[in-house]
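A short worksheet on the structure shown next.
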Amino acid sequence: MQWIHYASFFREFFRQPMQLGTFLPSSPFLERRVVRLAELEQADVAVELGAGVGGITSRALECLPKRSTLLAVELSPPLARVLRTWKDPRLIVHEGSAGEFRDVLKASELARPDVIISGIPLAVMPRRESASLLSEAWETLAPGGRLVIYQFRRDVERIAGFCGQPAAVEVEPLNIPPLRVYCWRKPAEVRTRLSARLLRTRVDGPVRTRDRSNDPRRRPLQAALASVRGGGRRHRPIHGVNAEGRSEEPSTARSSRDA
């Protein structure tokens with residue numbers, strides 16, 4: 001990262017300190033830790049919310065496959081201009097609020113992201129706004145995707161409680177300030193006929209099943225069952241076995257048939 005990028009970040013911090021949360025960009029140690037937890041080598045679409053001057057952005061581009069796409073969202077116009085200096089066809093820079101990322105994905109005809117990274121200081125945001133942002137990120141994330149958030153405070157553990165327990169929580173001490181890096185992994189969807197049927201039952205009420213009682217293919221089986229259950233009727237012995245199920249001598253069986 002060039003020194004001019006640090007200068008841009010430093011100026012923007014003094015202009016809007018609550019928006020950035022720190023006066024220095026992320027360290028190379030933090031960038032490597034975030035990228036490792038995100039597993040970007042397996043991602044087709046990735047999103048970075050609050051990309052800043054592109055420290056993690058550039059590191060992510062080094063790891064992403066050649067045919068993948070990285071959407072970097074940055075609210076600050078000066079920092080967004082810095083991001084546009086990265087000449088990479090896989091990079092899409094959006095200058096605007098982090099809450100607009102779903103509209104950008106749709107407008108760009110991109111699939112659901114495999115990775116969403118966020119360094120936005122959630123603790124200084126209104127609780128409802130931060131919870132809404134994380135909820136949208138979790139809902140948009142593809143099955144099996146990773147949500148990676150790095151924060152100074154631990155408020156994110158409570159805000160993102162609906163995501164379940166994080167798959168990993170690590171601390172990067174070689175950063176100013178030291179930050180915690182959280183990684184949530186979204187469960188993969190296993191859609192089977194049974195799960196879809198149970199879902200319809202839960203949402204739409206009981207599922208109607210077809211009445212098979214008059215199915216012609218079931219009539220032979222129904223007739224056989226009726227003969228077995230039919231009121232204790234005695235059946236003609238077959239192959240030397242009487243109605244009580246006892247074996248008979250051949251002569252006795254023959255005499256029974258003659259009678």
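Every number in this text was worked out from the coordinates using simple rules, so none of it is lab data. Predicted, not measured: the structure shown is a model, and the values here were computed from it. Positions of Cβ are generated from backbone atoms using ideal geometry, with glycine treated the same way; all protein chains shown enter the neighbour counts.
Points to keep in mind about this one:
- Prolate/oblate/rounded call for the stretch 28-91, Cα gyration tensor, a/c under 1.5 rounded: oblate
- Partners for residue 87 among lysines (Cα-Cα distance below 21 Å; same-chain residues under 8 apart left out): 66
- Proximal lysines relative to residue 186, as straight alpha-carbon distance under 17 Å, when same-chain residues fewer than 8 apart are discounted: none
- Cα gyration tensor, the stretch 3-185 - rounded (a/c under 1.5), prolate or oblate: rounded
- Relative contact order [Cα under 8 Å, 6+ residues apart], the stretch 3-185, whole percent: 22 percent
- Segment residue 157-residue 44, extension gain: residue separation times 0.36 nm, minus the distance between their alpha carbons: 38.0 nm
- Given their separation in residues at 0.36 nm each and the Cα-Cα distance between them, residue 167 and residue 128 gain 11.6 nm when the chain is fully extended.
- Where a label projected 7 Å from the Cα of residue 66 along Cα→Cβ would reach, residues of the stretch 34-55 with amide N under 13 Å: none
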